[in-house]
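Participant: This is the structure, below, for whatever I ask next.
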Ligand code: SF4
């Protein structure tokens, strides 16, 4: 059957949480180079941008993108989580805090 995808209309079970969602991440596909999810600012800007674009393309097809983005925002993790860079998640966190005031 392979990994769950939006194309094969597979959706993960409802009991997913901020820890176990990773089991359903499209980035677990062994054909995908996981390095793209951790683009390095020390790489050339072209390579950095190419890795970010490639990672975001994978995330857009991932069935747990929302949970992953939430987990990445809470944990302040490095890399691409939920289709967002660390800077984008930081911005989103600021906006959410402002809206809560
Ligand atoms: S949203 Fe992206 S980083 Fe998160 S689990 Fe899915 S593919 Fe992996």
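Each reported figure results from applying straightforward, stated rules to the coordinates on display, with no laboratory input. Only a predicted model underlies this, so the values are computations on that prediction, with no experimental measurement involved. Virtual Cβ from ideal backbone geometry, glycine too; neighbours counted across all protein chains shown.
Participant: If you scan the stretch 25-49, which residues turn out to be in contact (Cβ under 8 Å) with a residue 12 or more places away in the chain, away from the ligand (no atom under 11 Å from the Cβ) and part of a helix (DSSP H, G or I)?
Facilitator: 35
Participant: For the stretch 50-83, name all the residues that are under 24 Å from residue 15 (Cβ atoms) and assigned to a loop (DSSP other than H, G, I, E, B).
Facilitator: Across the stretch 50-83, the qualifying residues are 61, 62, 63, 64, 77, 82, 83.
Participant: Does the stretch 57-84 hold any residues that are more than 8 Å from the ligand (Cβ to nearest atom) and farther than 14 Å from residue 21 by Cα, and which are they?
Facilitator: Passing the criteria: 57, 60, 73, 74, 75, 76, 77, 78, 84.
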